[in-house]
Amino acid sequence: MCSDGRMERKRIMDDRSNVVLKLNGVSKSFAKVEQDEVTHALDHVDLEMESGEFISLVGPSGCGKSTVLRLVAGLIRPTLGSVTVNENEVDGPSPQRGMVFQKSTLFPWLTVEKNIAFPLKAQGKLKENEDKVEHMLDVIGLRHFRNDYPGQLSGGMAQRVALVRTLISQPQILLLDEPLGALDAFTRMNMQDEILSMWREKRQLALMVTHDVDEAIYMGTRVIVMDANPGRIIADIRIEEDFPRNRSSQGFIAYRNMILNRLHFAGEK
């Protein structure tokens, strides 16, 4: 008899809406402006992910984590190799691949409420989903700021709005580039749980860049550890812990030590 985990995996694989994302031998280089030099951001990266997974990317600055996200989003093209979704090559942005950047990218001429509602309005789905907008305002604690404009918000408040604006349309692939870095600790933990709640309901593929190892373990079903010069994958660690996770459990601490060791921060060789 199949375990619950294998049964859930089979259900996802049998679902026609299942998404399989592959990076096949991907390398990415950038020419330095006004210099006869090339930066090798990624070197022969192979990675396969699918619906129902929450992938956390961790590694030092300059290891190509955000480059991976931009390749999947279709904002840039690989120098070598390919990025495919269900065997179709990614050749540009798509509403099915929603991305939250490190800095908020809100429309300055729209209020908080209208920024959140914008994806639903663009898809012609706002009328039947107005309750979702109200829910998101509550999630980020900005109901009383619904009529304010982005220029009137703090950086952390603006980032919360940008985050839920992407979440509300429930894209097939959710791309998160340090989405919670500007938030205070308590809001950050609340938003971690809210993102996980939405992800578990939709079971889409989520791919998140973070410098916070605890956050990577708390949210991820897999943690991809990267190294720099050039950017490459050095570990793919499956997190076998049930949700919600206990940050102080022995299992959690063991994963933390394992990842820190791979990042050369655990005092081991």
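The values are calculated or read from the model by the stated rules, or taken from the named source; none is laboratory data. No experiment lies behind these values; they were computed from the predicted model shown. Cβ coordinates were reconstructed from backbone atoms using ideal geometry, including for glycine residues, and neighbour counts include every protein chain displayed. Calculation scope for accessible area: heavy atoms of the full protein, side chains included, ligands and nucleic acids excluded. Shrake-Rupley method; radii C 1.70, N 1.55, O 1.52, S 1.80 Å.
Given charges of +1 on the Cβ of Lys and Arg and -1 on the Cβ of Asp and Glu, with all other atoms neutral, how large is the dipole of the chain about its Cα centre, in debye to the nearest 20?
Values: 34 positive and 37 negative charges, 62 e Å.
Here the chain has a charge dipole of around 300 debye.
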- Message: Give the separation of the Cα centroids, region 35-105 to region 117-164, in Å.
- Response: 27
- Count the net charge of all other residues whose Cβ sits under 11 Å from the Cβ of Val161, scoring Lys and Arg as +1 and Asp and Glu as -1. +2
- So for the pair Val38, Leu126, with labels modelled 7 Å out along Cα→Cβ, what separation do we get in nm? 4.7
- Spread of Cα-to-Cα distances over 5 Å intervals beginning at zero, given as percent, for region 61-125: 3, 14, 20, 20, 15, 14, 9, 4, 0
- Message: Just to confirm, what accessible area per residue do you get for the chain at 1.4 Å probe, in whole Å²?
- Response: 52
- Message: Taking a ≥ b ≥ c as the square roots of the Cα gyration tensor eigenvalues, with a/c under 1.5 meaning rounded and otherwise prolate when a/b beats b/c, else oblate, which class fits region 39-91?
- Response: oblate
- Note on the structure: Cβ-Cβ cut-off under 14 Å around Asp148, Lys and Arg +1, Asp and Glu -1: the net charge is +3
- Which net charge results when you count Lys and Arg as +1 and Asp and Glu as -1 among the other residues whose beta-carbon is under 9 Å from that of Ile76? +3
- Options (i) 18.9, 63; (ii) 22.9, 79; (iii) 33.2, 118 for Rg and Dmax of the Cα atoms in Å; the value derived from the coordinates is listed as (i)
- Carbon + sulfur, % of accessible area of the chain - ligands and nucleic acids excluded, 1.4 Å: 49
- Message: Rounded to the nearest 10 Å², what accessible area does Ile76 have for a 1.4 Å probe in the complete protein model?
- Response: 30
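For a distance above 22 Å, tell me the whole-number percent of Cα pairs in region 149-269 that qualify.
40
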